[in-house]
Amino acid sequence: MLELRPGCECCDKDLPPDSTEARICSFECTFCASCADTVLGGTCPNCGGELVARPRRPANNPPSTTRIYNPAGCGKRS
Ligand SMILES: [Zn+2]
Ligand SMILES: [Zn+2]
């Protein structure tokens, strides 16, 4: 089962389970649409995999609460 992480690794934007903006790679590295498209060019910075739209999950199945925030990993300096 997908972990459905709650936020973007790049900018820490909230990505709730029913968000249409979430993008994931096959390892479930999770990013928002704007980071995936503009900063990352559709490629996961952690594993080099393809970033695709994350399937949405109905509210009766709780998502992960493990928030991963790693702006350095996606080439941002802050
Ligand atoms: Zn983001
Ligand atoms: Zn990845």
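Before moving on, here are some points about what is shown:
- Of all the residues in the stretch 21-34, those that are open to solvent by less than 10 Å² (accessible area, probe 1.4 Å), within 13 Å of ligand 2 (Cβ to nearest atom), under 15 Å from Pro71 (Cα atoms) and without any contact (Cβ under 8 Å) to a residue 40 or more places away in the chain number 1.
- Qualifying residues in the stretch 35-73 (those that are hydrophobic (A, V, I, L, M, F, W, C) and closer than 13 Å to Gly7 by Cβ) - the one surrounded by the fewest Cβ atoms within 10 Å (Cβ to Cβ): Ile68
- Checked against the criteria, Glu50 does not count as at positive phi and acidic (Asp, Glu).
- The single residue among Gly48, Gly73, Gly41 that is part of a helix (DSSP H, G or I) and of a type outside the set (A, V, I, L, M, F, W, C) turns out to be Gly73.
The values are calculated or read from the model by the stated rules, or taken from the named source; none is laboratory data. Model, not experiment: these values are computed from the prediction. Using ideal geometry, Cβ is built from the backbone for each residue, glycine included, and neighbour counts are taken over all protein chains shown. Ligands, DNA and RNA are excluded from the accessible area calculation, which covers all protein heavy atoms including side chains. Shrake-Rupley method; radii C 1.70, N 1.55, O 1.52, S 1.80 Å.
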